[in-house]
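Contents: one structure, followed by commentary.
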There are 4 protein chains.
Amino acid sequence: MKAELRRQHILDCAKQVFAEKGYYETYVEDVIKMAHIGKGTIYEYFRNKEDLFFSVLLRSLQDWKNAIAISHEEIKQLSPASYFHLRVKRSLIFMNEDRQLTSIILRTGFGFNPHIQKFIGEFEKNLQNQILHDLRLGKHLGFLKDNVDLHVITSILVGGIVMIAAHYILSEPVLSDVEVDKLTNKIVYPFIKGIFNENNLRE
Amino acid sequence: MKAELRRQHILDCAKQVFAEKGYYETYVEDVIKMAHIGKGTIYEYFRNKEDLFFSVLLRSLQDWKNAIAISHEEIKQLSPASYFHLRVKRSLIFMNEDRQLTSIILRTGFGFNPHIQKFIGEFEKNLQNQILHDLRLGKHLGFLKDNVDLHVITSILVGGIVMIAAHYILSEPVLSDVEVDKLTNKIVYPFIKGIFNENNLRE
Amino acid sequence: MKAELRRQHILDCAKQVFAEKGYYETYVEDVIKMAHIGKGTIYEYFRNKEDLFFSVLLRSLQDWKNAIAISHEEIKQLSPASYFHLRVKRSLIFMNEDRQLTSIILRTGFGFNPHIQKFIGEFEKNLQNQILHDLRLGKHLGFLKDNVDLHVITSILVGGIVMIAAHYILSEPVLSDVEVDKLTNKIVYPFIKGIFNENNLRE
Amino acid sequence: MKAELRRQHILDCAKQVFAEKGYYETYVEDVIKMAHIGKGTIYEYFRNKEDLFFSVLLRSLQDWKNAIAISHEEIKQLSPASYFHLRVKRSLIFMNEDRQLTSIILRTGFGFNPHIQKFIGEFEKNLQNQILHDLRLGKHLGFLKDNVDLHVITSILVGGIVMIAAHYILSEPVLSDVEVDKLTNKIVYPFIKGIFNENNLRE
DNA sequence: CATGAATGAGTGTTCATTCAT
DNA sequence: GATGAATGAACACTCATTCAT
């Protein structure tokens with residue numbers, strides 16, 4: 001139990017440093033100093049720097065999954081649009097709260113050494129899958145227009161949410177619930193209504 | 001002039017290697033070998049590795065600006081929606097053609113050491129500004145709905161386009177004009193019409 | 001008594017690991033795992049890794065001495081040549097049986113950090129002393145030729161026996177009594193008869 | 001050419017340090033300091049520490065082969081016994097002169113990590129092969145007794161010569177030619193004549 | 001101007017040993 | 001006594017940068 005606590009403590013520190021400096025500019029020594037542990041200690045808990053980084057991500061992945069998941073009861077009570085709305089909102093809430101993870105994902109980018117990249121991809125894929133699933137459901141139930149490409153929409157949404165996180169969340173102090181709500185609306189609205197006025201759509 | 005040619009040659013090689021391996025996993029030696037020059041030579045043209053990277057980006061930035069620019073004549077002849085459509089299309093075309101730059105931007109992520117990050121931001125800001133400008137114009141002329149937050153929409157679009165590039169462009173062989181057209185439509189459509197059917201919008 | 005048993009158990013394990021991997025490539029952890037004891041425990045019985053290694057050797061040294069010793073009764077009943085023969089045979093028997101120790105001696109070489117080297121030397125010196133003693137006795141009784149340098153012969157014999165152990169014993173499954181007998185003869189014979197025919201010795 | 005000189009210089013220094021401290025207790029930094037070069041420089045010439053060690057041995061292996069080789073002209077003019085005598089003498093001369101290599105071989109022992117051990121084996125095998133070849137020739141020409149096991153004799157000789165090197169050469173200041181001659185005789189003699197008097201051989 | 005041999009500050013990692021429980 | 005989590009000195013090796021030629 002004691003050991004598990006220490007492991008968690010190291011992960012907390014590592015997460016913070018990785019979030020601040022990115023993988024390559026983080027030195028194992030930085031984590032050690034922040035965690036106030038000996039140099040050898042970190043290798044008792046993690047095979048190497050890469051494993052430490054993976055472990056940080058792995059622990060957060062589950063949190064993320066939980067955070068943006070929508071329960072069966074909720075599903076029943078929601079209209080398609082509010083369902084979609086909720087998913088976006090929960091993503092923003094999570095990113096708003098776990099800024100360190102968000103920073104790591106953003107900093108890490110889509111490149112990176114292939115090992116690590118595959119892992120980062122997990123996160124996107126997860127968000128992507130959840131949203132794709134929502135949209136599929138909506139389409140199946142006839143809520144969505146027929147000529148909509150779900151995969152493309154999903155990519156746009158994920159990319160959009162991530163970019164919003166970069167500009168409207170990470171650079172600001174933690175947002176209030178109301179602010180997150182407003183942000184959610186601003187994202188969801190155009191997908192629901194479109195952004196052009198009816199009379200300007202003849203092209 | 002001979003010197004300028006050599007500089008360009010180094011930049012070409014550097015761009016390719018940075019695109020393949022990312023900044024940190026690219027060694028100056030890799031660039032040197034590809035360029036068939038001596039180890040010291042590169043430092044005749046660039047202060048250091050960071051400067052080399054910046055220079056690669058700097059050269060491409062102008063290309064990008066030109067690529068997605070829309071001329072005054074074009075502006076006059078376009079409806080708001082096709083204007084928006086054209087901007088997205090040109091972005092995709094550019095990314096489809098300059099895959100190395102696209103890969104660098106994607107690999108580099110939004111984080112990075114602060115120096116470099118600021119620079120990568122330039123690219124996004126540029127795309128962002130162009131799109132924001134389009135939307136502002138549209139709004140001013142009454143083509144856009146009133147309650148649309150232009151900055152948020154812009155971020156979503158930029159993030160969306162980048163993510164589309166990652167999934168639909170970089171992982172595929174170079175797309176044909178027709179394919180780019182189709183992709184553009186799939187992106188633009190939901191913003192124009194929304195994705196939900198009218199009768200499902202009561203929330 | 002319990003403690004002594006444990007100490008012996010650790011020594012047994014250490015001997016095995018040192019025999020397999022040599023001093024430097026043996027990690028204290030290897031011994032601990034094999035002995036199924038805690039990491040700190042080994043330091044209750046041995047000051048440090050070097051002391052552990054010494055202790056393994058020390059314990060075996062007495063075994064070796066006993067193994068190649070020839071009793072007073074035996075001495076009386078043996079001709080000088082068979083006496084010499086018996087000494088060589090007992091050395092081979094011991095090496096054939098205690099392969100772990102033999103391996104340690106061979107692996108350790110004659111060099112090593114000076115501390116340990118002195119200790120390894122003990123083993124050789126012991127074999128050396130016994131053989132030297134035999135030869136002296138033989139010379140004293142007029143059994144040996146006058147112009148034989150006993151120290152040199154002794155060194156050759158010890159070196160020879162060790163090398164034979166390396167090539168004919170360690171690399172084979174445990175030899176039978178008969179095989180050891182044959183090997184002994186092959187070693188002893190040339191020293192008794194020489195290897196050249198009489199008529200080829202004009203030099 | 002300059003580069004080759006530097007490489008040789010590093011090898012010289014490495015040889016000396018390896019001879020003094022053995023492989024494991026030699027630190028790359030020791031070699032660097034002795035060679036008065038920068039830390040990175042050694043890795044320009046050798047892949048890693050192991051490669052450095054191999055290279056030291058490799059260079060000396062040829063020297064050794066040359067040193068104990070006997071030319072065709074010499075072969076014709078020698079009696080079998082003096083031929084054998086010459087081989088032993090040349091081995092001693094080489095060991096007497098190249099004490100660093102001799103020390104490395106002795107220190108390294110037969111153990112070691114398998115990679116390196118294989119290499120050390122080369123040296124012994126080389127000496128072994130030359131002597132075995134001599135003895136075979138002798139037997140073929142009828143100079144050697146029939147019931148002599150050449151492989152066993154060879155092992156004894158190699159082990160004996162090495163042990164003599166350890167006790168009579170390395171621990172002493174460099175021997176004079178006369179001293180080497182005497183030592184050679186003391187080794188060769190018993191193999192030629194045997195060491196027991198005729199009348200003591202009934203066993 | 002071009003070169004590449006030389007450099008060394010900086011990194012990740014190991015492993016014998018300690019000491020609080 | 002017995003334990004094993006914690007430690008840090010030690011070590012091999014990297015790679016951006018320099019400078020004599």
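Derivation of every value follows stated rules applied to the coordinates shown; laboratory data play no part. Since the model is a prediction, treat every value here as computed from it, not as a measurement. Cβ sites come from the backbone with ideal geometry, for glycine too, and all protein chains shown count toward neighbours.
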Mean-position separation - Cα centroids, the range C:145-167 and the range C:27-94, in angstrom
21 Å
Viscosity 0.692 mPa s, 37 °C: Kirkwood-radius Stokes-Einstein D of the protein assembly as shown over Cα pairs, µm²/s:
97 µm²/s
Residues B:SER55, B:SER155, sorted so that the one with the fewest Cβ neighbours within 10 Å comes first:
B:SER55, B:SER155
As a footprinting exposure proxy, order C:GLU97, B:GLU4 by other Cβ within 10 Å, with the fewest listed first.
B:GLU4, C:GLU97
Going by how many other Cβ atoms sit within 10 Å of their own, how do A:ILE169, C:ILE93 line up, fewest first?
C:ILE93, A:ILE169
Could you tell me which of the pairs C:LYS76/D:LYS186; A:LYS186/B:LYS89; A:LYS193/B:LYS125; A:LYS76/A:LYS139; D:LYS21/D:LYS49 are separated by over 18 angstrom between their Cα atoms in the structure shown?
C:LYS76/D:LYS186; A:LYS186/B:LYS89; A:LYS193/B:LYS125
Return the average number of partner chain Cβ atoms within 10 angstrom of each residue Cβ along peptide C:19-25.
4
Taking a point 7 Å out from Cα toward Cβ as the label site, list the nm distances between B:HIS140 and the same residue in every other copy, smallest first.
4.8, 10.3, 12.0
Set the Förster radius R0 to 51 Å, insert the Cβ-Cβ distance between D:GLN62 and C:GLN77 as r into 1/(1 + (r/R0)^6), and round the FRET efficiency to 0.05.
0.45
Below 8 Å between Cα atoms, with a sequence gap of 6+, how large is the relative contact order for the range C:50-194 in percent?
34 percent
How far apart, in nm, are two points set 7 Å out from the Cα along the Cα-to-Cβ line at D:ARG6 and at A:ASP181?
7.1 nm
Report the equivalent ellipsoid semi-axes for chain A in whole Å, largest first, defined as the square roots of five times the eigenvalues of the gyration tensor built from alpha carbon atoms.
37, 17, 16
Which order, highest average first, do C:157-164, B:46-53, D:44-51 follow once you tally other Cβ atoms within 10 Å for each residue and take the mean per peptide?
C:157-164, B:46-53, D:44-51
Averaged over peptide A:162-170, how many Cβ atoms belonging to another chain are found within 10 Å of each residue's Cβ?
6
Nm distances between copies for A:GLY38, ranked from closest, using label points 7 Å along Cα→Cβ
1.6, 3.5, 5.0
Percent relative contact order of the range C:11-117, based on C-alpha pairs within less than 8 angstrom and at least six residues apart?
39 percent
With Cα atoms, 0 to 90° folded angle of helix B:150-164 axis to chain B main axis:
60 degrees
Averaged across the residues of C:134-147, what count of C-beta atoms belonging to other chains lies within 10 Å of each residue's C-beta?
3
Over the protein assembly as shown: helical MRE at 222 nm, DSSP H runs n ≥ 4 each giving -39500 (n - 2.57), nearest 500
-24000 deg cm²/dmol
The correct pairing of chain A residue and whole-Å distance, for the Cβ nearest the axis that maps A onto D, is A:ASN48, 10
Would you mind listing the distances between the C:ALA69 label point and the same position in each other copy? Use 7 Å along Cα-to-C-beta, nm, one decimal, shortest first.
5.3, 7.5, 10.2
Starting from the eigenvalues of the Cα gyration tensor, five times each then square-rooted, give me the equivalent ellipsoid semi-axes of the range D:138-198, largest first, whole Å.
26, 13, 11
Based on Cβ point charges of +1 for Lys and Arg and -1 for Asp and Glu, what charge dipole magnitude is obtained for the protein assembly as shown about its Cα centre, in debye rounded to the nearest 20?
120 debye
